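The values are calculated or read from the model by the stated rules, or taken from the named source; none is laboratory data. These numbers were taken from a predicted model, which means no experiment stands behind them. Here the Cβ is made from the backbone with ideal geometry for all residues, glycine too, and neighbour counts use every protein chain on show. Quick note on the areas: whole protein, heavy atoms, side chains included, nothing else; ligands and nucleic acids left out. Shrake-Rupley method; radii C 1.70, N 1.55, O 1.52, S 1.80 Å.
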Amino acid sequence: MSVEMSKYLQELAKKQEELKVKIKKDHWRLAYHLMPTTGWMNDPNGLCQLNGTYHFYHQYGPASATGEDVIHWGHKTSKDLVHFQDEEIFLYPNHSYDRDGVYSGSALVKDGKIHFFYTGNVKLEGDHDYTFSGREQNTVHVVSEDGFKINSQKVVIPHATYPKEFTNHIRDPKVFEKNGEYWMLLGARTRDNEGKIPLFKSNDLDDWSYQGNFFGDDFSLGFMWECPDFFEVDNQEVLVFSPQGVNGSDFEFQNVYQSGYMLGNVDWQQAKFKQSGKFIEFDRGFDFYAPQTFEDEQGRRILIAWMGIGDTMPEYSYPTANKGWQHAATLPREITVTKGKLYQKPLKEYEVLRCREEKYHYEKSLKNEQFLKGEVYEMCIEILEQGNFAIKMREDTVLQYNNGVLTLQHGPSGFGRNKRQIELKELEKIQLFMDKSSIEIFINDGEYVMTSRFFPKNGCDFIEFTGDAHLLIKKWNLNKAISTKD
Ligand code: FRU
């Protein structure tokens, strides 16, 4: 290790110790969601499973909770996707081609090795807008035999070789194998301010040739598309991306940036994705962005997203920025497609965290004492007889079903988050995961999901049902699953 690097690591360790002192006192730390050990987390990266071990890498600024640190790749591993352990930082921004950030990317497991592809971000000195000039985004290939040690690392698409139609925003490689060839999608912004997904092809994972745009025909979807993904599940091809600059409508596209998918078909001769359905948001809450999927060794398609979004200010904020850490990841969700509709379900594995089952029958005519309580729990609600109803939880969070509209609303504990709504003719089932400062609501077996961070006062464990519906409720407290090295 160079003298420079060992000095850098010493200084980093010192800053992390300072952050850990604050983190220890924070009651908003999550019990079973992935969080940064210290500092900042954003997108999930390099998701894969190798020889039974799940690897979760993520955008990581270990030395600052406010997002000022240069981005690294943090690393956590798991045997069951529920209990994770902290690992050493996997990628450092310590090369000329990634000195201003080891940006997002993906993993491909092939012949017992993991091939990672990421974007090396470089900001040049001088007077630049960093969109049209002054930025390089190099595509880098890393090979590892175990997911911990790096065997090789090199630039495979240097910034200067991208087609001229793109601005300096061209990044987030997603690599997959199809018909015996390797394909890479990138997320890009053109010089005409349109989002596109440029496609590259390779036979050896090192030598990549440009194939035109895989998709870029929907001009209503903003100026920049980040974090593309593509997969097949249940005989359906699905394209995923996170567009910026989409106009909101009554209930949809309410967040500053979006993340969603389109069902469609690929013409592999032309290497073009043709959409068969419209762009649909994965999540209808406040805090969900940059999802990534992977296929695990059981053949399941699993999605994990950043349980946060950039640039939410001045609308809403994340007060843990003052407590030594910021942001988290969503629960892993299994993706399936049935009858042309995509569903997201929490993994069955999470049932191991359940303890202390309680059952409760809610009917207006019964005397409804408030006896359910909790801060960290799972709750399943079956709607036996339709009707309007509301559930008040924690400090001031309300989930309400009223005349065909489902509303999630926060009071002051939302730190600016007010309400998000879904038009929903039929509501049959709700599966809700409550953590110390997050809520994930799976509706009708994953037909819709609402994910939100919120920050109630310590000890707020209120749960109350009101309304005319007839409900069957099961609730479990959930055990702690996440331990970080302190
Ligand atoms: C998405 C994103 C990616 C980029 C990374 C940088 O949140 O902006 O496009 O690679 O974050 O941290």
For segment 354-478: span of alpha carbons on each principal axis (Å, largest first): 34, 32, 24
How do SER452, SER133 stack up against each other in accessible area, from largest to smallest, with a 1.4 angstrom probe? SER133, SER452
Can you give the accessible area of HIS361, probe radius 1.4 Å, in Å² rounded to 10? 80 Å²
Can you give the Rg and Dmax of segment 10-346 based on its C-alpha atoms, in angstrom? 18.9, 57
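Mind ranking ARG356, ARG417, ARG189 by accessible surface for me, highest first, 1.4 Å probe? Don't skip to the answer; put the middle values down first.
Numbers: ARG356 145, ARG417 5, ARG189 45 Å².
Descending accessible area places them as ARG356, ARG189, ARG417.
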Need the C-alpha centroid separation for segment 267-293 versus segment 325-341, integer Å. 13 Å
Can you give the calculated 222 nm mean residue ellipticity of the chain, where each DSSP H run of n ≥ 4 adds -39,500 (n - 2.57) and the sum is split over every residue, rounded to the nearest 500 deg cm²/dmol? -1500 deg cm²/dmol
D for segment 1-110, whole µm²/s, Stokes-Einstein with Kirkwood Rh over alpha-carbon pairs at 4 °C and 1.567 mPa s: what number? 87 µm²/s
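Using 0.36 nm times the number of residues separating TRP268 and LYS429, minus their current alpha carbon distance, what extension gain do you get? Let's see the in-between values first.
Details: separation 161, 0.36 × 161 = 57.96 nm, distance 3.93 nm.
This chain segment gains 54.0 nm when fully extended.
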Past 29 Å, Cα to Cα: identify those pairs from LYS339/LYS429; LYS79/LYS149; LYS25/LYS113; LYS22/LYS123, in the order given. LYS25/LYS113; LYS22/LYS123
From highest to lowest solvent-accessible area (probe 1.4 Å; ligands, DNA and RNA excluded), MET5, MET434 read MET5, MET434
Can you send over the solvent-accessible area of GLU165, 1.4 Å probe, protein chains only, in Å² to the nearest 10? 80 Å²
Solvent-accessible area of LEU205, probe 1.4 Å, all protein chains present, reported in Å² to the nearest ten, please. 10 Å²
Measuring from the longest principal axis of the C-alpha atoms of the chain, the long axis of helix 3-24 (C-alpha) lies at a number of degrees, nearest 10, equal to 10 degrees
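Counting other Cβ atoms within 10 Å, keep those with at most 13, restrict to DSSP loop, and tell me which trypsin sites (Lys or Arg not before Pro) in segment 9-41 are left.
LYS25
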Go through segment 161-172 residue by residue and turn each phi into a ³J(HN,Hα) via Karplus (6.51, -1.76, 1.60, θ = phi - 60°); whole Hz please, and just put x for glycine and proline. 9, 5, x, 6, 5, 9, 6, 6, 8, 8, 6, 6
First compute the accessible area of segment 354-478 with a 1.4 Å probe, then give the percent of it belonging to carbon and sulfur atoms. 45 percent
Could you give me the percent of Cα pairs per 5 Å distance bin for segment 202-356, shortest bin first, beginning at zero and ending with the bin that holds the maximum distance? 2, 7, 15, 18, 19, 16, 11, 7, 3, 1, 0, 0
Would you work out what percent of the accessible area of segment 54-129, with all protein chains in place, is carbon or sulfur (probe 1.4 Å)? 44 percent
Expressed in nanometres to one decimal, the distance between label points 7 Å along Cα→Cβ at ASP445 and ILE280 is 1.4 nm
How many times 2.2 N^0.38 Å is the alpha carbon radius of gyration of segment 279-382? 1.39
Distance (nanometres) between label positions extended 7 Å along Cα→Cβ at ILE150 and ASN203: 2.9 nm
Leaving out ligands and nucleic acids, and using a 1.4 Å probe, what accessible area per residue does segment 10-346 come to in Å²? 38 Å²
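Any chance you could run the full-extension gain for SER2 through GLN298? It's 0.36 nm times the residue separation minus the Cα-Cα distance, nm to one decimal. It would help to have the intermediate numbers written out before the result.
Working: separation 296, 0.36 × 296 = 106.56 nm, distance 4.14 nm.
Gain in length upon complete extension: 102.4 nm.
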Multiply the residue separation of LYS123 and ASP218 by 0.36 nm, subtract the distance between their alpha-carbon atoms, and state the gained length in nm to one decimal. 31.2 nm
Pseudo-spin-label distance LYS164 to LYS474, built 7 Å along Cα→Cβ, given in nm, is 6.3 nm
